[in-house]
Structure formats: C-alpha cells, structure tokens
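Below: the structure, in structure tokens.
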Amino acid sequence: MGRIVQEAKYTCALGAQQTVLGIERAVPVIHAGPGCSSRQFAYMGPGSGYQGEGYTGGGQIPCTNSSQNEVVFGGEKKLGQLIDAALQVMDADLYVVLAGCTAGIVGDDVKQTARNHAAEGKPVIGVDTAGFRGNNYVGHELVIEALIDQYVGDREPEVRKGLVNVFSVIPYQNPRWRGDLHEIKRLLTGLGLEVNVLFGYESGGVSEWQDIPNAELNIVLSPWVGLDAAKLCEKKYQTPYIHEPVLPIGLKATSAFLRRVAAALHMDEAAVEDFIAQEEARYKKYFVSLGDLFSDFASYLPYDAYIVSDAEYGVGAADFLTKELGMNVVSFYEFDEPDASAKQLVEQALSAAGEGLAQTLVVEGDNALIRADIAEKIAERKNKSLILGSSWDKELAEQTNSILVYYGIPITDQVVLSKTYIGYAGALTLIEDIYTGLFRKGMITNTTHGEDDAI
Amino acid sequence: MSDKTVKAAVATSDGIHCDLHFGAAKNVTVYVLEDGSGNFRIEGQRAFPDTSGYEGCGGGCHARNEEFLQEVCQILRDCQYLLVVKIGPFPSRILLRSGIEVLEQEGEVRELLSVLYDYINRNRDK
C-alpha cells in the first residue's frame, strides 16, 4: 500500500542525471516535465554538501519540459529537436537521454530517438529512467548498463594485464563520492594496477568507459549496486568479476580487500604485502595516538551506534565501527530500499562482517520514521551514542546528547569537497570526525574542554 | 450536445492544416468530437478580438495582454483544447486557467484530431 514519505533519503530513477554528470564531459538530456531535473539537482547538488553544477549540470541541463502536448501526441519529435539543439550548443563527448515519467507512460522510444539523432563524433544513447521504475539507485544501475550496452557496445576485448574496472559509489547521491573514488584509485594503483574508476575528476571521462571491455577484472564494491553491470560485462566481454559487498573502511577491511583483489589477479604477493605494510604502518601510528584521548575521556566515549545510510556505505560503517572502534551497532537503517534479492545480499554482507549485524538491519527510506525510532531506542538504552546521519538529524543529536557525523544525504550545512571516509586515509578522517563530536557544546560536563567554557 | 462531447479550436489558415501561431491567428475553427463515433464535425469559425483595441508589447504582440487573453478565453469557453503551431508560456497559462488545454502541433487537422480523439477515449474512464 502506498504511503507518504516525509523525508525521503533518495530521489527517483531520473536522479541518474547526476550519474551522467559524474562522467567528465557527458551531458544528460532530460525528456521529462518541467521541474523534474532541477529538483534532482537541488537534492543531490546543494543538498549533498554543495557540490556545484559541474560541467553541464544544474540549470544547464537540456530538457524537453514535456507537457500535455507530449502526453497527447507523443514527445519523440520534441525530444529529437532538443537532442539536435544540444548537439549544436553543448560541447561534449557523450549525450545521454533520460526519459522521465511522462515519456514512460506515453511510451516514447527514447533509445531509438537517441540513435536516430546521434551524429559523427557525438554519440547519443537513450535510457528509460521513468520515476515509477524505482529510485535513483535503480536509475544509476539502468544508466551504467545502458552505457555498456549502447555506448561501449559489442566489442572484441583486448585484455590488458593489470587493468581493472571499479563499479562502486554513486555520484552525488553519495556526498563523498569524489574523495572516495580518489582513495579507491590510490589504493588499487598502489597495488600496481591500472584502474578505471569511471566517474569523477580522476577518471579519464568517456575514454575509461570505452576501455571497459579490456579489463582483466571487474570489481563490484557494493552489496548490490553495480552487480548487474559486472554480470553484463561478463556476458559481453567475458570479464570475470569479484563482488566486494563491504566498502573497505579502516585497516582490517582495506587490507583484506586489497589481498582479495591481488589473489583474484594472481599478483606478486611480496609486492602487495609491501604496499599493505606501508599503509598499515602509517594508519597504526595515527590510530595508536588516539589512545590518550580514549583513556582521558573514557566515560564520554560513544558506545552505541546508529547508522543511517545506503547499503554500500552502511555495511562498511557497521563493519568498521564494530571491528575497529569496538562500538555496538544498535540499528542500521538502510534507506536505498533494495528489492528482495538485493536485501538478501545486504543481509549476507552484514552477517559476513560481524555476528549479529544482520539483525540490526532496518530497511526504511523515510528519515522521519528513522529519527523517531533512534530517539526511542536511545531513551530506552540510555547509552552514549553515535549517529551516522545527515543534516536532518541535528536536532535529534542535540536532544539525545549524541555525537552526529554527517554520513549520507542530505548535507546542507557542511561543504564536502575531497573528503573520504573509506580506505585507510578515509577511516582516519572518520575517526577524527567521530571523536571531535565529543567536544560539541554540552557533550562533556565539568571539564574545561567544552567549547563554551571560558578560562 | 452530450456531456462527453469535446470541442477543439484549431488555428488554421486553410481549414485543412493547423498552421498558425497563436499570435498570428485572427480566428480559429472549432471542431466537435462526437463521443464514440471517432468522427468530428466543424462547428464554425470564431473570430479573435480585434487586436487594435489592445496594447501590445514592444514588438506589437498581444499575447501578453491579459485583457485580450481573457477575451479569447471567453470566446473559447466551451472548448477543451486549442491547437496552434506555437504559443508562449504566458498565454498558454492564462488559457489553461480557464480550462483550455493548449497543444502545440503542426500538420493536417484531420490527423491531429484523430490522435487527440484516441487520447481522450483512452483516458475517458480513468
């Protein structure tokens, strides 16, 4: 039965316009009603740590602004005119037509229209991302599969040893995607691999997508998003893949992840261990230096953790908080609302990450309900708590005297640029942000550490 | 007239094609789409008000003059649709407020009305 979502943690499938914008010099061409595209941008641009429009995002996105006219007569003609115009005035390497609900209901064939209007050196592909097909996680999947199908296409792979593709974080929906992809690339490059991260400043734009068939291995770094794309590549290009459902955060998870990748590629063990040892040594020095703070503020340290996140980041956080910071994850509210089989993958990943973690899973996309549940649990348990939440949870954190770290969308009172919480480097930043929360006003009593204590 | 009868006004210069912009139309031809039959008949022409009586914008266009547009709405008050080649968002909004849906199309009136008729029929029971 339908219900009203008060505070949605995701948008609709058309949100995949931000996926397109994550590829350098790629333009989304929207075939939808007025407002659809700008709302997606508002939610995942300013609402995701003020990430900016990008090369052709925000108000620059071409849109058919479909109305009743297109509902009655079909919108393919208008879409064709829009594509032609976009090709003329927007200098780009790839144009991706995304159809919204109107086009989906009327039955416009966006794939064919896109194909008909492609020009020499100006590839155009079409994807049906009607909102009723699912949320923007589903939209992201639809777009990456369409890119492989229509843009990369059928190709005889010329496999290059040591080349890997990574299917992982979702641009903009995950506020720290740029920093995260940097860290993923840094880690895998450190092993000696050549890496197509496919999105962000450090990808080679569309050239990385064209290079997809040549990879020796695909790495799916998420419980479910990206898995179908890897399967598609296996079918089309015979590229094997490894599925890493736990996003590596911290020493244990990151080292284990790197070892599994190295094993899958039969890499030289000594060289891999050298790199890991170097990274671990650095990490450990920082981690150990935290010891004094832990002993000084032992009675103020958070013990319970509440994670409000999508599957990808949430499973990684649950793993890290449990294994490296010794916290007790009370509830992991997963907001990307996976289907039944994807939910099973998330449960499996949680079970593998730690005993009892699967039981903490609550699938809920409405932050208002999530917040109420957390408040109730904190009141009942009376433990010092950490909330990995968003700007919507500020009041809750203040009322319950909990530490709040902005972990997922929306982030409207913090600027996010290159920050990452994953890998070795990111975990240290996450630790900094968690324990900095101890010194928030009102958190510590009877000491001189509170920020409002005048000396 | 059955309550399911739909009227569509078309900006046409020759009675065969929808070929005029809203601003260029001096009159429209009103067609009646009969329920169930798939046929339509011409009800007649209706003249738009003489634009010389209204102040236009710098370019002489009256499509932003609300008084003029209210007159048009009055003239088309029993029509559900207006088909023109092009129209600006402002007059389109004013007409919509009076319950007149404006559709931008160019081509043979017969074909356009046939598509419109199909659409109306498909959505009749929804």
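The values are calculated or read from the model by the stated rules, or taken from the named source; none is laboratory data. Nothing here was measured: the structure is a model prediction, and the numbers come from that model. Note that we place each Cβ from the backbone using ideal geometry, even for glycine, and neighbour counts take in every protein chain shown. Accessible surface areas use protein heavy atoms only, side chains included; no ligands, DNA or RNA. Shrake-Rupley method; radii C 1.70, N 1.55, O 1.52, S 1.80 Å.
Just to be sure I understand the filter: pairs with C-beta atoms under 6 Å, separated by 6 or more residues or on different chains, first member in region A:366-379 and in a helix (DSSP H, G or I), second member of a type in the set (Asp, Glu) and open to solvent by 20 Å² or more (accessible area, probe 1.4 Å). Which pairs pass?
Short answer, once both residue conditions are applied: A:367/A:7; A:368/A:7; A:370/A:364.
Just to be sure, is residue A:276 closer than 22 Å to residue A:402 by Cβ, modelled with pLDDT of 95 or more, β-branched (Val, Ile, Thr) and open to solvent by less than 30 Å² (accessible area, probe 1.4 Å)?
No, not satisfied.
Can you run down the residue pairs with Cβ atoms below 7 Å, 6 or more apart or on separate chains, where the first is in region A:267-286 and free of Cβ contacts under 8 Å to residues at least 24 places away in the same chain and the partner is polar (S, T, N, Q)?
Listed pairs, sorted by first residue: A:276/A:255.
If you go through region A:357-375 one residue at a time, do you hit one that is surrounded by fewer than 20 Cβ atoms within 10 Å (Cβ to Cβ) and more than 30 Å from residue A:13 (Cβ to Cβ)?
Yes, some residue in region A:357-375 is surrounded by fewer than 20 Cβ atoms within 10 Å (Cβ to Cβ) and more than 30 Å from residue A:13 (Cβ to Cβ).
Being among the hydrophobic types (A, V, I, L, M, F, W, C) and closer than 22 Å to residue A:358 by Cβ is the filter; apply it to region A:225-248 and report the residue that is surrounded by the most Cβ atoms within 10 Å (Cβ to Cβ).
Result: A:247.
Residue B:103: surrounded by 15 or more Cβ atoms within 10 Å (Cβ to Cβ) and in contact with a strand residue (DSSP E or B) (Cβ under 7 Å, 6 or more places away or on another chain), yes or no?
Criteria met by residue B:103.
Look at region B:112-121 and say how many of its residues are open to solvent by 50 Å² or more (accessible area, probe 1.4 Å) and at the interface with another protein chain (Cβ under 10 Å from one of its Cβ atoms).
Summing the residues that are open to solvent by 50 Å² or more (accessible area, probe 1.4 Å) and at the interface with another protein chain (Cβ under 10 Å from one of its Cβ atoms) in region B:112-121 gives 2.
Take the conditions of a type in the set (A, V, I, L, M, F, W, C) and open to solvent by 10 Å² or more (accessible area, probe 1.4 Å) and apply them to residue A:251. Does it pass?
Answer is yes for this residue.
Could you grab me the full set of residues in region B:86-100 that are open to solvent by less than 20 Å² (accessible area, probe 1.4 Å) and farther than 17 Å from residue B:5 by Cα?
Selection gives B:91, B:94, B:95.
Out of all the residues in region A:297-307, is one or more acidic (Asp, Glu) and touching a helix residue (DSSP H, G or I) at 6+ places or on another chain (Cβ under 8 Å)?
Yes; the residues of region A:297-307 include at least one that is acidic (Asp, Glu) and touching a helix residue (DSSP H, G or I) at 6+ places or on another chain (Cβ under 8 Å).
Evaluate region A:333-341: report whether one residue or more is under 20 Å from residue A:174 (Cβ atoms) and either in a helix (DSSP H, G or I) or not assigned by TED's automatic domain parsing to the domain that holds residue A:306 (or both).
Within region A:333-341, none of the residues are under 20 Å from residue A:174 (Cβ atoms) and either in a helix (DSSP H, G or I) or not assigned by TED's automatic domain parsing to the domain that holds residue A:306 (or both).
Kindly indicate whether any position in region B:81-91 is under 23 Å from residue B:13 (Cα atoms) and away from chain A (no Cβ under 12 Å).
So far as region B:81-91 goes, yes, one or more of its residues are under 23 Å from residue B:13 (Cα atoms) and away from chain A (no Cβ under 12 Å).
Yes or no: residue A:38 over 20 Å from residue A:126 (Cβ atoms) and hydroxyl-bearing (Ser, Thr, Tyr)?
Values: over 20 Å from residue A:126 (Cβ atoms): yes; hydroxyl-bearing (Ser, Thr, Tyr): yes.
Answer is yes for this residue.
Which residues, counting only those in region A:287-299, are open to solvent by less than 50 Å² (accessible area, probe 1.4 Å) and touching a residue at least 40 places away in the same chain (Cβ under 8 Å)?
Selection gives A:290, A:293, A:297.
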